[in-house]
Amino acid sequence: MMCTPGAADGNRTVRDECVPHQATALAIARRAILIEGDPGAGKSSLALGLIDRGAVLIGDDGVLLCRRNGMLWAVPHPNTRGMIEVRNVGIITLPVTEAPVALVIRLDVQAPRYVEQAPQVVRAATVLPCISLSPDAANLPIRTELALSLHGKLARTVAMGKDGSVPAGGSHDLGKG
C-alpha cells in the first residue's frame, strides 16, 4: 500500500490522549519519522541503519502517537520501550527518546520512482507528508534522511470530521524543523 493522498489510519484521539500505532519510529535532528510497511518489509533494518548514522530509537514495531500542545508526538510504547529486533540475532535494548512527528516513510516495493510533492496521510488526526521508498533500494538510510530534509514538516493536529475526514485547510504547517 503506497502513500495514498488523504488516506486515514482510523486512529481517533481526543486532545492530549495517546493511541498505539504499528510503526517503527526514530528521531533525527529532533523530528520523528514513522516507518511503516508490511511484516518483513525491513522496518527494523532501516531503523538500525539510521541509528548507525545517529538517529535515536523511539520504538520498534509499535509506538504511541500523542497529541501534545496541538502537535503529534511519537512516544515509546511502555510494553516494548527500548527494544528492537535484530533479525537473526535477537532483541536488543537501546536508549529511546520522543519527538514530534514530521514524516511517514512507507516501505513499498511499488514505490514511485519520482516524487515532486509528498502525498499526505492522516495519523491520529494529523495530516503528515508520506514518502514511499522501495525496501530493496540501495542507500535506504540516506534516502530516508533526504526525504526528511526535503519533505518532513511539523504539523499541528486538527479536529477530525465525524467520518474521519480532515477539513479543507486542516493541517497547519509549522515548516521544516
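The values are calculated or read from the model by the stated rules, or taken from the named source; none is laboratory data. Everything quoted here is computed from the prediction, not taken from an experiment. Every residue, glycine among them, receives a Cβ derived from its backbone with ideal geometry; neighbour counts consider all protein chains shown.
Brief remarks follow.
- For residue 26, the conditions (1) assigned to a strand (DSSP E or B); (2) over 18 Å from residue 132 (Cβ atoms); (3) of a type outside the set (Gly, Ala, Ser); (4) modelled with pLDDT of 95 or more all hold with the exception of (2).
- For the stretch 48-85, residues that are over 21 Å from residue 154 (Cβ atoms) and among the aliphatic types (A, V, I, L, M) total 4.
- Count - residues of the stretch 38-54 that are at negative phi, of a type in the set (Gly, Ala, Ser) and either surrounded by fewer than 24 Cβ atoms within 10 Å (Cβ to Cβ) or part of a strand (DSSP E or B) (or both): 4
- Restricting attention to the stretch 66-79 and to residues that are out of contact with any Gly (no Cβ under 8 Å at 6 or more places or on another chain) and over 13 Å from residue 26 (Cα atoms), the residue that is surrounded by the most Cβ atoms within 10 Å (Cβ to Cβ) turns out to be 72.
- Just one of the numbered conditions (1) farther than 17 Å from residue 26 by Cα; (2) in contact (Cβ under 8 Å) with a residue 24 or more places away in the chain; (3) not charged (D, E, K, R) is not true of residue 89: (2).
One line per residue, one yes/no per condition, for (1) basic (Lys, Arg); (2) modelled with pLDDT under 95; (3) within 22 Å of residue 72 (Cβ to Cβ):
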site	(1), (2), (3)
100	no, no, yes
103	no, no, yes
116	no, yes, no
126	no, yes, yes
130	no, no, yes
133	no, no, yes
148	no, no, yes
